[in-house]
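The values are calculated or read from the model by the stated rules, or taken from the named source; none is laboratory data. Just so you know, these numbers come straight off a predicted model, no measurement behind them. Please note: Cβ atoms are built from the backbone with ideal geometry, for glycine as well, and neighbour counts cover all protein chains shown.
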């Protein structure tokens, strides 16, 4: 699809497309039916002829009739197997072509289109080269005409003047032809660079998509995804079938539980005489005794934090 030296990462895409083509060709060779289309048509004609013969010659001997019937069944079975092999081959080829589609775009068709553009550019370049050769031939003919005219001059002065005029004219023609050829070559170079850049971009995108798919999706799941995708004409994208019944869409909503209230029934306050101290004591549990937690108060009041209450509540 172009000079290999001018393509950087596009080599990966080209190699992958070539691999797909080689695998498709190998699969075609392995599963190619042994009977050609002409042979299949001939077998079909033989079957029809045998059927007509059985229908026309109803008084035929039983043994001969059974022989023709057996031969007819054998040919029909052979023809049926050939048609099944051809149908399997077509399905295999369609499956291989569908694997080359990435992001809704057939990379193989795009590469073939780029290759056709390159071939067209080569044809255009060849046409320009032929045109340059024609111009060169015209210059040669003009030179010959100039030589013929020189022979007709009667004097050296007329000959010199004629040569100067012809040389100026031929020089102008030569410069025009050279400028036109340079323009054609420059345009061709620009077109080639644009095509090669498109191919490189295509190669980079294909390599990126392939790397992401191979890195994040195992091969068995890739095949599973390919078997369960379908093209959506309305939005122009590939979609997974039954995606609404997978993942978080099928998760049962969790009920929100209200926070349990803090149990303060086991907390009471006690004051000791004239001391400015407050003791928060915990009642003894029936199963497990708990130690009292003391806090110092200000001016005979009580002070305790929410964290301590939650701790005792637990």
Residues of segment 199-218 classified as surrounded by fewer than 17 Cβ atoms within 10 Å (Cβ to Cβ) and in a helix (DSSP H, G or I), total: 11
Candidates 83, 116, filtered to the one that is at pLDDT 80 or above and surrounded by fewer than 12 Cβ atoms within 10 Å (Cβ to Cβ): 116
Members of segment 119-131 found to be surrounded by 14 or more Cβ atoms within 10 Å (Cβ to Cβ) and either within 35 Å of the chain's Cα centre (by Cα) or under 11 Å from residue 191 (Cα atoms) (or both), listed by number: 121, 124, 125
Residue 200 vs. criteria over 30 Å from residue 91 (Cα atoms) and modelled with pLDDT of 80 or more: yes
